[in-house]
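**Q** One structure follows; several queries about it will come next.
The values are calculated or read from the model by the stated rules, or taken from the named source; none is laboratory data. Quick caveat: nothing in here was measured; it's all calculated off a predicted structure. No Cβ is skipped: glycine too gets one built from the backbone with ideal geometry, and neighbour counts run over all protein chains shown.
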């Protein structure tokens, strides 16, 4: 579906891993709605997988961005400032936890693993927001990705549950802080999707099957479903929506 909801808007998309990632689905929807996009890739290993996505999106800016590298982070926003002079929206779709800590019980999570998961998955949102805000001169929208495991205990989600809880808390506080500047901050909470990130969770197939059976719609969500809602949230249609966690899961989160 092509429309003009985001015509004239300029957005930064951080977190595309490949064409099947949630961030790619959102970016496709943004572009189909008329937005001009800046796209980043995490490192040289991921670049070959992200480059075709960026090309298909006709991304005006395509740069490396390891969110733990302050110089790379600054370079992305400097380029946006020099090329565009402003930024209308930011999509943060970044999460990571070391494998041993992700697959182990919360009580056994290492200090180092917890710190790295929090830094990449949560504090990176704060760092990106700090640099985005000066470019959002006429207001803007910041959107991140959460999951139901932030609210309820989900088998095998382990330490990422507390990490996503922290992310959702950060969204609320940023929304309150930036609201007077007409900058909105929200999170999407999609149901499980077959992505590279999701496949890192133990017994992910069981999680997928449970979601399909228990969701009121009796179906899984698609990248297109998620992208449509993301587009609405970064658009002017959601001008008074901020601090929210918006579920895109076929109603799974309402079922006991």
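**Q** Considering only the range 7-54, state which residues are crowded, with 22+ Cβ neighbours inside 10 Å, closer than 19 Å to residue 193 by Cα and out of contact with any helix residue (DSSP H, G or I) (no Cβ under 8 Å at 6 or more places or on another chain).
**A** 23, 50
**Q** Residue 131 - would you say it is farther than 26 Å from residue 19 by Cα, in contact with a strand residue (DSSP E or B) (Cβ under 8 Å, 6 or more places away or on another chain), in a helix (DSSP H, G or I) and modelled with pLDDT of 95 or more? Reasoning before the result, please.
**A** Values: farther than 26 Å from residue 19 by Cα: yes; in contact with a strand residue (DSSP E or B) (Cβ under 8 Å, 6 or more places away or on another chain): no; in a helix (DSSP H, G or I): yes; modelled with pLDDT of 95 or more: yes.
No; evaluated as a whole, the condition is false for this residue.
**Q** Within the range 183-197, identify whether any single residue is at pLDDT below 95, over 19 Å from residue 67 (Cβ atoms), surrounded by fewer than 16 Cβ atoms within 10 Å (Cβ to Cβ) and out of contact with any helix residue (DSSP H, G or I) (no Cβ under 6 Å at 6 or more places or on another chain), and answer yes or no.
**A** Of all residues in the range 183-197, those at pLDDT below 95 come to 191-197.
If we keep only those that are over 19 Å from residue 67 (Cβ atoms) as well, we get 191-194.
Filter once more, so that each one left must be surrounded by fewer than 16 Cβ atoms within 10 Å (Cβ to Cβ): 194.
If we keep only those that are out of contact with any helix residue (DSSP H, G or I) (no Cβ under 6 Å at 6 or more places or on another chain) as well, we get 194.
Within the range 183-197, one or more residues are at pLDDT below 95, over 19 Å from residue 67 (Cβ atoms), surrounded by fewer than 16 Cβ atoms within 10 Å (Cβ to Cβ) and out of contact with any helix residue (DSSP H, G or I) (no Cβ under 6 Å at 6 or more places or on another chain).
**Q** Right, here's the next one. Residue 208 is checked against (1) assigned to a helix (DSSP H, G or I); (2) within 30 Å of residue 107 (Cβ to Cβ); (3) modelled with pLDDT of 95 or more and fails just one. What number does that condition carry?
**A** If we test residue 208 against (1) assigned to a helix (DSSP H, G or I); (2) within 30 Å of residue 107 (Cβ to Cβ); (3) modelled with pLDDT of 95 or more, just (3) comes out false.
**Q** Taking the range 79-106 on its own, how many of its residues are surrounded by 16 or more Cβ atoms within 10 Å (Cβ to Cβ) and either in contact (Cβ under 8 Å) with a residue 60 or more places away in the chain or closer than 14 Å to residue 136 by Cα (or both)?
**A** Total satisfying the criteria: 13.
**Q** If I go through the range 109-128 residue by residue, how many of them are outside any helix (DSSP H, G or I) and buried (at least 16 other Cβ atoms within 10 Å of the Cβ)?
**A** Going residue by residue through the range 109-128, those that are outside any helix (DSSP H, G or I) are 109-110.
Among the residues that remain, those that are also buried (at least 16 other Cβ atoms within 10 Å of the Cβ) are: 109.
Total meeting the criteria: 1.
**Q** While we're here: Could you please find all residues in the range 240-250 being assigned to a loop (DSSP other than H, G, I, E, B), closer than 17 Å to residue 171 by Cβ and either in contact (Cβ under 8 Å) with a residue 24 or more places away in the chain or touching a helix residue (DSSP H, G or I) at 6+ places or on another chain (Cβ under 7 Å) (or both)?
**A** So in the range 240-250, the residues assigned to a loop (DSSP other than H, G, I, E, B) come out as 240-244, 249-250.
Narrowing the set further to residues that are closer than 17 Å to residue 171 by Cβ leaves 240-244.
If the condition is that a residue be assigned to a loop (DSSP other than H, G, I, E, B), closer than 17 Å to residue 171 by Cβ and either in contact (Cβ under 8 Å) with a residue 24 or more places away in the chain or touching a helix residue (DSSP H, G or I) at 6+ places or on another chain (Cβ under 7 Å) (or both), then 241, 242, 243, 244 are the ones that fit.
**Q** Could you list, in sequence order, the residues of the range 149-167 that are surrounded by fewer than 21 Cβ atoms within 10 Å (Cβ to Cβ) and either outside any helix (DSSP H, G or I) or in contact with a helix residue (DSSP H, G or I) (Cβ under 6 Å, 6 or more places away or on another chain) (or both)?
**A** The initial filter retains those residues of the range 149-167 that are surrounded by fewer than 21 Cβ atoms within 10 Å (Cβ to Cβ), namely 151-156, 161-162, 165-166.
Within the range 149-167, 151, 152, 153, 154, 155, 156, 161, 165, 166 meet the criteria.
**Q** Which members of the range 134-148 meet the condition of being assigned to a strand (DSSP E or B) and either within 14 Å of the chain's Cα centre (by Cα) or within 14 Å of residue 243 (Cα to Cα) (or both)?
**A** The first filter runs over the range 134-148 and keeps only residues assigned to a strand (DSSP E or B), leaving 137, 139-145.
The answer is 140, 141, 142, 143, 144, 145.
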